[in-house]
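What follows draws every value from the coordinates through simple rules; no lab data is involved. Predicted, not measured: the structure shown is a model, and the values here were computed from it. Cβ placement follows ideal geometry from the backbone for every residue including glycine, while neighbour counts extend to all protein chains displayed.
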Amino acid sequence: MILTGQEIRRQYESGRIKISHFDETGLTTNSHDLRLGTRILRYTCDVLDPRQDNSYEIIEIPPDGYPMSRNDFVLGETLEMVGSDHYVPLIHARSSTARLGLFVHVTADLIDIGSYGRSTLQLYATLPVRLYPYMRIAQVTFWKPRGEIELYDGKYAGSLGPMPSLAHRDFQADR
């Protein structure tokens with residue numbers, strides 16, 4: 001079951017949903033808008049290897065924007081920190097963002113229940129597009145889980161900015 005915008009507000013006010021920088025104007029019929037933070041992460045190696053900690057750079061998005069070319073991929077951050085111990089947040093592109101040819105999450109849209117932090121956005125440009133700090137870029141919905149709740153305590157918990165893949169830790173754990 002998805003929460004309505006008004007129910008998101010009630011659950012935020014009760015403390016069952018956490019959204020830093022909560023903004024009434026960001027509420028929609030069943031979501032809350034999320035803004036792009038000020039940093040992006042760009043990988044600097046030629047081939048990404050899930051068995052290794054891949055090299056990258058953090059770039060501050062300038063006020064006049066960061067241009068992405070067709071087929072560019074970077075990791076961004078949400079300005080808002082989001083999470084809940086009671087609901088499952090999902091990230092979606094805003095329709096306005098999608099109409100610019102920008103994917104805000106390539107495959108990972110789920111924020112695990114119990115996780116709270118800035119979400120890492122997987123930004124993929126199908127067309128040339130410019131990113132600006134603080135632009136409304138995505139939206140978060142909240143879903144009621146069914147069954148016993150076990151809170152997330154994994155490798156991406158408490159993210160404070162764009163996080164690179166930590167897949168190499170999975171390989172180390174599997175040995």
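Restricting segment 38-55 to residues that are in contact with a Phe, Trp or Tyr (Cβ under 8 Å, 6 or more places away or on another chain), assigned to a strand (DSSP E or B) and touching a residue at least 60 places away in the same chain (Cβ under 8 Å), the residue that is farthest from residue 137 (Cα to Cα) is 43.
Considering only residues in segment 126-140 that are out of contact with any Ser or Thr (no Cβ under 8 Å at 6 or more places or on another chain) and within 15 Å of residue 73 (Cα to Cα), the one that is surrounded by the most Cβ atoms within 10 Å (Cβ to Cβ) turns out to be 131.
Condition check ((1) in contact with a Lys or Arg (Cβ under 7 Å, 6 or more places away or on another chain); (2) surrounded by 17 or more Cβ atoms within 10 Å (Cβ to Cβ)) across all residues:
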| residue | (1), (2) |
| --- | --- |
| 65 | yes, no |
| 74 | yes, yes |
| 80 | yes, yes |
| 89 | no, yes |
| 109 | no, yes |
| 113 | no, yes |
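Restricting 17, 8 to residues that are buried (at least 17 other Cβ atoms within 10 Å of the Cβ) and out of contact with any helix residue (DSSP H, G or I) (no Cβ under 6 Å at 6 or more places or on another chain) narrows the list to 8. Across segment 5-21, the qualifying residues are those that are in contact (Cβ under 8 Å) with a residue 40 or more places away in the chain and part of a loop (DSSP other than H, G, I, E, B), and the one among them that is farthest from the chain's Cα centre (by Cα) is 16. In segment 14-63, of all residues being among the small types (Gly, Ala, Ser) and touching a strand residue (DSSP E or B) at 6+ places or on another chain (Cβ under 6 Å), the one that is farthest from residue 97 (Cα to Cα) corresponds to 20. Of all the criteria given as (1) more than 28 Å from residue 68 (Cα to Cα); (2) crowded, with 16+ Cβ neighbours inside 10 Å, the one not satisfied by residue 145 is (2).
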